[in-house]
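In what follows, a structure is listed as structure tokens, so that the remarks can point back to it.
The values are calculated or read from the model by the stated rules, or taken from the named source; none is laboratory data. Quick caveat: nothing in here was measured; it's all calculated off a predicted structure. All Cβ positions, even for glycine, are placed from backbone atoms using ideal geometry, and neighbour counts span all protein chains on display. Just the protein is used for accessible areas: all its heavy atoms, side chains included, with ligands, DNA and RNA removed. Shrake-Rupley method; radii C 1.70, N 1.55, O 1.52, S 1.80 Å.
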Amino acid sequence: MKVTHVTDGDTLWVQAAGGVRPVKLRMAGIDAPEICQAGGRAARAALASRVARRWVVVTTRGHDDYGRAVATVYLKGEDMAAWMVAHGHAWSYRYGREGGPYLTLQTQARSAQRGLFADPQALPPRLFRQQHGSCHP
């Protein structure tokens, strides 16, 4: 599938070959800053620099509450969610008390102070949304 648009650090649009209508995807396993949150625009730019207008492999796992397909996205075999966390552009998505699938990468990025983890006050998006609501009305 070809990436046609990057909305933010964990949401993008892909289109299958043959002109089928683009599909909105939420990348599985990560939570990137909201676009109006500190680090949000940098996260979108980082993801776009890697995948915009490129062919990716998508493995869909289901749909979220907003109707987006939840998927793992690979560029030349590399998991883009893992790349986002490793470079400090997203958090590993927590499931209850679990640290999420990319917790080790998040810990390494935090230790190296990469990206948003350079700011000790960086607020995970779920907490930002609780305090400020969504950036999108």
ask   = In segment 41-97, which residue that is more than 14 Å from Asp31 (Cα to Cα) and acidic (Asp, Glu) is least open to solvent (accessible area, probe 1.4 Å)?
value = Asp79
task = Identify all residues within segment 90-101 that are in contact with an Asp or Glu (Cβ under 9 Å, 6 or more places away or on another chain) and under 17 Å from Thr72 (Cβ atoms); write none if there are none.
result = Ala90, Trp91, Ser92, Tyr93, Gly100
message = Every residue in segment 102-118 that is open to solvent by less than 100 Å² (accessible area, probe 1.4 Å), outside any helix (DSSP H, G or I) and either without any contact (Cβ under 8 Å) to a residue 60 or more places away in the chain or over 13 Å from Ala90 (Cα atoms) (or both), please.
response = Ala112, Arg114
query = Considering only segment 12-21, how many residues are part of a loop (DSSP other than H, G, I, E, B) and open to solvent by 50 Å² or more (accessible area, probe 1.4 Å)?
reply = 5
message = Show the residue pairs meeting these rules: Cβ distance below 7 Å; 6+ apart or different chains; first residue within segment 78-95 and assigned to a strand (DSSP E or B); second residue among the charged types (D, E, K, R).
response = Trp91/Asp31
key: Test set (1) surrounded by 14 or more Cβ atoms within 10 Å (Cβ to Cβ); (2) out of contact with any strand residue (DSSP E or B) (no Cβ under 6 Å at 6 or more places or on another chain) - Gln131 fails condition number   = (1)
ask   = Quick one: is Thr72 more than 13 Å from the chain's Cα centre (by Cα) and either closer than 22 Å to Tyr95 by Cα or part of a strand (DSSP E or B) (or both)?
value = no
message = Return the residues of segment 22-37 that are under 22 Å from Ala122 (Cβ atoms) and either surrounded by 15 or more Cβ atoms within 10 Å (Cβ to Cβ) or of a type in the set (Ser, Thr, Tyr) (or both); say none if nothing qualifies.
response = Arg26, Met27, Ala28, Gly29, Ile30, Asp31, Ala32, Pro33, Glu34, Ile35, Gln37
request  = Please specify each residue of segment 61-77 satisfying the condition of being touching a residue at least 24 places away in the same chain (Cβ under 8 Å) and touching a strand residue (DSSP E or B) at 6+ places or on another chain (Cβ under 7 Å).
outcome  = Arg61, Asp64, Arg68, Ala69, Val70, Ala71, Thr72, Val73
